[in-house]
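The values are calculated or read from the model by the stated rules, or taken from the named source; none is laboratory data. Just so it is clear, the model here is predicted, and its values are computed rather than measured. We place every Cβ from the backbone using ideal geometry, glycine too, and count neighbours over all the protein chains shown.
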Amino acid sequence: MSGFPWQSAFEIRERVAAGSVSAVDVTRAYLARAEALNPTLACFLTIDHEGALAAAAQVDRKRAAGEALGPLAGVPVAVKDNLCTRGVRTTCASKILGEYIPPYDAHVVEALRASGAVLLGKTNLDEFAMGSSNENSAFAHVHNPWALDRAPGGSSGGSAAATAAGLAPLALGSDTGGSVRQPAAFCGITAIKPTYGRVSRYGLVAFASSLDQVGPMARSVREASQLLEVVAGHDRRDATSAERDTGNYLAACDRGVKGLRVGVVRDLIEGLQDADVRASVESALAALEQQGAILVDVALPHAQHAVSVYYLIATAEASSNLARFDGIRYGLRVQGKDLTETYTNTRAEGFGPEVRRRIMLGTYALSAGYYDAFYLKAQRVRTLIRRDYDAAFERCDVVCTPTTPTPAFALGEKTSDPLEMYLADIFTLPPSLAGLPAISTPSGLSAGGLPVGLQLVAPPFEEEILCSASQAVEDGSGLLSTHPTALP
Amino acid sequence: MADPKITLEQVLHVAKLARLTLSDEEARQMQEQLDAILGYMEGLDDLDVSEVTPTFHSIPMDAPLRPDVPERCSDRSETLAQAPASEAGGYAVPLVLEVNS
């Protein structure tokens with residue numbers, strides 16, 4: 001198969017539709033690559049060999065019968081293991097759900113199946129999506145395909161590494177405080193965190209319900225935009241799903257940036273310690289300007305408080321959401337002498353250290369006597385962060401920052417200091433707290449050959465602007481055909 | 001040394017609220033880590049937000065209503081198949097009441 005494994009989702013669909021290759025052959029090739037590289041990368045927790053081949057055969061049958069094919073017909077997709085897949089183990093990389101087999105599909109999984117996509121398997125993550133390095137997975141650490149001793153980022157590290165390593169052209173992740181954008185930046189791919197409410201959360205195992213969104217991941221802006229078009233849309237099973245028409249994200253990639261006002265958060269960029277990241281942002285800004293965008297200075301004075309605000313709100317919501325894991329209705333049970341001891345034994349055995357830490361922090365922030373000082377205060381400061389963006393969007397159409405303060409850090413570098421790990425999320429947290437759509441796309445490589453990501457943030461439901469602007473960044477960087485070097 | 005933001009006793013109390021058990025060593029480490037995190041979060045005290053409305057929902061939305069029409073829900077046996085223990089069409093749990101014989 002020519003172009004394998006780096007051909008785009010569009011090329012695969014075109015060849016499958018034209019009959020020059022069968023979906024089954026495409027799927028076999030990607031399954032073989034996933035099986036060969038998974039021992040090295042640990043991207044997948046489950047490879048669904050049988051299910052993938054059955055879905056591919058279905059596409060081939062439809063084609064032979066002359067039926068209409070969906071926009072992702074025959075395209076292999078990797079799905080984060082906190083999205084429910086009917087009949088396929090969904091673990092959240094937690095021992096507490098180690099053997100859980102959902103009796104239903106998440107909304108986005110249904111949408112993928114309807115589009116003709118072939119689900120290859122379920123990707124590794126930080127347990128319950130809590131982490132920035134994938135080192136909180138209870139099962140295996142994902143390795144960054146650009147440098148195997150580096151973190152792939154988190155929590156959607158398995159999806160990011162699988163896409164970057166050519167194990168699948170497309171993947172789904174979830175993003176609560178940066179969990180598709182940060183691993184995308186670390187692994188040199190594109191990921192979109194849609195506006196809160198743009199994509200249904202039905203069947204996404206809840207971490208922090210006021211922040212969680214499912215996000216598309218791909219090697220190119222166009223493919224990520226196409227995937228967003230497939231999964232976005234209203235779903236009445238998620239009460240926070242917005243009744244808004246899905247945009248023309250793919251078409252938006254070809255609109256250009258002439259006259260687009262790009263807000264540059266000067267003090268954040270000048271405060272960067274990492275010279276490579278700073279240089280990469282500057283070159284992306286130059287590319288945008290060269291293609292007709294207008295750069296304007298904006299400020300986000302309260303963004304510096306985002307780590308505190310996020311780690312109070314997200315942990316408070318998590319402590320409540322994760323109360324459901326008690327050993328009664330699903331997952332692990334470690335029997336005790338009575339019901340209470342069964343709860344505590346199960347949760348002590350089933351949850352890893354970071355999940356326990358966040359449940360503790362969130363329970364504390366909500367507990368009697370501390371609610372006003374911590375949780376309520378965080379929600380008030382969240383308003384100030386939101387207002388910063390309101391003010392910025394009076395002057396610009398899109399706000400630009402790096403995605404991360406540094407390129408991928410080393411595995412093990414931050415595991416002993418949770419606060420240090422939290423601080424690495426500083427740029428991705430503010431748009432999450434404001435519910436805004438954001439994208440990360442590669443803007444350059446560091447001197448050490450590691451990818452650097454640029455983050456763009458738009459007003460609510462203006463994902464199309466993100467697609468247009470990131471396409472210009474991608475065109476300017478010339479990185480699309482550069483692939484990880486640490487792989488066979 | 002400044003007073004800790006959270007004491008070991010508070011850690012044990014919160015663990016009880018959260019239905020978690022911590023070994024002595026885990027509790028000590030949890031106290032240290034939460035203390036550092038809460039210490040960092042004191043930075044929020046620099047802001048006077050007493051007059052600021054909290055943002056519980058980032059994107060304004062109404063609670064939607066749907067027509068009250070009965071529909072099929074998931075199959076009971078399929079749902080119960082995921083339970084650690086089930087009996088007579090329900091979840092089997094440890095006794096919560098004493099049985100008088």
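Among (1) in contact with a Ser or Thr (Cβ under 8 Å, 6 or more places away or on another chain); (2) on the phi < 0 side of the Ramachandran plot; (3) touching a residue at least 12 places away in the same chain (Cβ under 8 Å); (4) in a loop (DSSP other than H, G, I, E, B), which single condition is A:Tyr330 missing?
Against the list (1) in contact with a Ser or Thr (Cβ under 8 Å, 6 or more places away or on another chain); (2) on the phi < 0 side of the Ramachandran plot; (3) touching a residue at least 12 places away in the same chain (Cβ under 8 Å); (4) in a loop (DSSP other than H, G, I, E, B), A:Tyr330 comes up short only on (1).
When you check A:Pro407 against the structure, is it assigned to a helix (DSSP H, G or I) and in contact with a strand residue (DSSP E or B) (Cβ under 6 Å, 6 or more places away or on another chain), yes or no? Don't jump to the end; show me each part of the working.
On the way: assigned to a helix (DSSP H, G or I): no; in contact with a strand residue (DSSP E or B) (Cβ under 6 Å, 6 or more places away or on another chain): yes.
Spelling it out, it is not the case that A:Pro407 is assigned to a helix (DSSP H, G or I) and in contact with a strand residue (DSSP E or B) (Cβ under 6 Å, 6 or more places away or on another chain).
Given A:Ser225, A:Ser200, A:Ser209, which one is outside any strand (DSSP E or B) and surrounded by fewer than 23 Cβ atoms within 10 Å (Cβ to Cβ)? So that I can check it myself, show each step before the final result.
Values: A:Ser225 fails: surrounded by fewer than 23 Cβ atoms within 10 Å (Cβ to Cβ); A:Ser200 fails: surrounded by fewer than 23 Cβ atoms within 10 Å (Cβ to Cβ).
Among A:Ser225, A:Ser200, A:Ser209, only A:Ser209 is outside any strand (DSSP E or B) and surrounded by fewer than 23 Cβ atoms within 10 Å (Cβ to Cβ).
Name the residue, out of B:Ile59, B:Ile37, that is assigned to a helix (DSSP H, G or I), of a type in the set (Val, Ile, Thr) and within 30 Å of A:Pro437 (Cβ to Cβ). Break it down stepwise before answering.
Values: B:Ile59 fails: assigned to a helix (DSSP H, G or I).
Step by step, each of B:Ile59, B:Ile37 is checked, and only B:Ile37 is assigned to a helix (DSSP H, G or I), of a type in the set (Val, Ile, Thr) and within 30 Å of A:Pro437 (Cβ to Cβ).
Could you count how many residues in the range A:231-259 are touching a strand residue (DSSP E or B) at 6+ places or on another chain (Cβ under 8 Å) and either touching a residue at least 60 places away in the same chain (Cβ under 8 Å) or closer than 12 Å to A:Ala111 by Cβ (or both)?
So the first thing to find is which residues in the range A:231-259 are touching a strand residue (DSSP E or B) at 6+ places or on another chain (Cβ under 8 Å), and the list is A:231, A:259.
Retained after the next criterion (residues that are either touching a residue at least 60 places away in the same chain (Cβ under 8 Å) or closer than 12 Å to A:Ala111 by Cβ (or both)): A:231.
Within the range A:231-259, residues that are touching a strand residue (DSSP E or B) at 6+ places or on another chain (Cβ under 8 Å) and either touching a residue at least 60 places away in the same chain (Cβ under 8 Å) or closer than 12 Å to A:Ala111 by Cβ (or both) number 1.
If you scan the range A:194-250, which residues turn out to be within 11 Å of another protein chain (Cβ to nearest Cβ), among the β-branched types (Val, Ile, Thr) and in contact with a helix residue (DSSP H, G or I) (Cβ under 8 Å, 6 or more places away or on another chain)?
A:Thr195
It is to be established whether one or more residues within the range A:371-390 are over 24 Å from A:Ser155 (Cβ atoms), small (Gly, Ala, Ser), crowded, with 18+ Cβ neighbours inside 10 Å and more than 17 Å from the chain's Cα centre (by Cα).
No, every residue in the range A:371-390 fails to be over 24 Å from A:Ser155 (Cβ atoms), small (Gly, Ala, Ser), crowded, with 18+ Cβ neighbours inside 10 Å and more than 17 Å from the chain's Cα centre (by Cα).
Against the definition (in contact (Cβ under 8 Å) with a residue 40 or more places away in the chain and either at the interface with chain B (Cβ under 7 Å from one of its Cβ atoms) or of a type in the set (D, E, K, R) (or both)), how does A:Leu366 come out, yes or no? Steps first, answer last, please.
Values: in contact (Cβ under 8 Å) with a residue 40 or more places away in the chain: yes; either at the interface with chain B (Cβ under 7 Å from one of its Cβ atoms) or of a type in the set (D, E, K, R) (or both): no.
When the stated conditions are applied, A:Leu366 does not pass them.
To keep it simple, each residue is scored yes or no on (1) surrounded by fewer than 24 Cβ atoms within 10 Å (Cβ to Cβ); (2) modelled with pLDDT of 95 or more; (3) over 21 Å from the mean Cα position of the chain (by Cα).
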site	(1), (2), (3)
A:Thr403	no, yes, no
A:Ala424	yes, no, no
A:Phe427	no, yes, no
A:Ser443	no, yes, no
A:Val452	no, yes, no
A:Ser470	no, yes, no
A:Ser481	yes, no, yes
A:Leu487	yes, no, yes
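Among the residues in the range A:68-82, are any free of Cβ contacts under 8 Å to residues at least 40 places away in the same chain and closer than 29 Å to A:Tyr202 by Cα?
Of the range A:68-82, the ones free of Cβ contacts under 8 Å to residues at least 40 places away in the same chain are A:68.
Next cut, closer than 29 Å to A:Tyr202 by Cα only: A:68.
Checked against the condition, which is being free of Cβ contacts under 8 Å to residues at least 40 places away in the same chain and closer than 29 Å to A:Tyr202 by Cα, the range A:68-82 yields at least one hit.
Would you confirm whether or not the range A:281-293 contains a residue that is farther than 25 Å from A:Thr406 by Cα, crowded, with 17+ Cβ neighbours inside 10 Å and touching a Leu at 6+ places or on another chain (Cβ under 7 Å)? Reasoning before the result, please.
Step one: list which residues in the range A:281-293 are farther than 25 Å from A:Thr406 by Cα, which gives A:290-293.
Retained after the next criterion (residues that are crowded, with 17+ Cβ neighbours inside 10 Å): A:291, A:293.
Checking the rest, the ones that are also touching a Leu at 6+ places or on another chain (Cβ under 7 Å) come to A:293.
For the range A:281-293, residues farther than 25 Å from A:Thr406 by Cα, crowded, with 17+ Cβ neighbours inside 10 Å and touching a Leu at 6+ places or on another chain (Cβ under 7 Å): present.
Output yes when any residue across the range A:5-26 is within 26 Å of A:Gly331 (Cβ to Cβ), in contact (Cβ under 8 Å) with a residue 60 or more places away in the chain and within 27 Å of the chain's Cα centre (by Cα), and no when none is. Step through it out loud before you land on a result.
The initial filter retains those residues of the range A:5-26 that are within 26 Å of A:Gly331 (Cβ to Cβ), namely none.
Within the range A:5-26 (the criterion being within 26 Å of A:Gly331 (Cβ to Cβ), in contact (Cβ under 8 Å) with a residue 60 or more places away in the chain and within 27 Å of the chain's Cα centre (by Cα)), the answer is no, since none of the residues qualifies.
Could you count how many residues in the range B:14-26 are under 21 Å from the mean Cα position of the chain (by Cα) and exposed (fewer than 15 other Cβ atoms within 10 Å of the Cβ)? Break it down stepwise before answering.
First pass over the range B:14-26, keeping only residues under 21 Å from the mean Cα position of the chain (by Cα): B:14-23, B:26.
Applying the additional criterion that residues be exposed (fewer than 15 other Cβ atoms within 10 Å of the Cβ) yields B:16, B:23.
Of the residues in that region, 2 qualify.
Out of A:Leu300, A:Leu322, A:Leu361, report the one residue that is in contact (Cβ under 8 Å) with a residue 12 or more places away in the chain, within 20 Å of A:Ala206 (Cα to Cα) and more than 7 Å from chain B (Cβ to nearest Cβ).
On the way: A:Leu300 fails: within 20 Å of A:Ala206 (Cα to Cα); A:Leu361 fails: more than 7 Å from chain B (Cβ to nearest Cβ).
Checking each option against the conditions leaves just A:Leu322.
Exactly one condition in (1) modelled with pLDDT of 90 or more; (2) farther than 20 Å from A:Thr342 by Cα; (3) part of a loop (DSSP other than H, G, I, E, B) is false for B:Ser77; which is it?
Exception for B:Ser77: condition (3).
Just for the range A:325-358: of the residues that are more than 22 Å from A:Arg89 (Cα to Cα) and of a type in the set (Ser, Thr, Tyr), which one is farthest from the other protein chains (Cβ to nearest Cβ)?
A:Thr340
Which ones in the range A:399-436 are more than 10 Å from every other protein chain (Cβ to nearest Cβ) and under 26 Å from B:Pro60 (Cβ atoms)?
Matches in the range A:399-436: A:Val399, A:Cys400, A:Thr401, A:Asp425, A:Phe427, A:Thr428, A:Leu429, A:Pro430.
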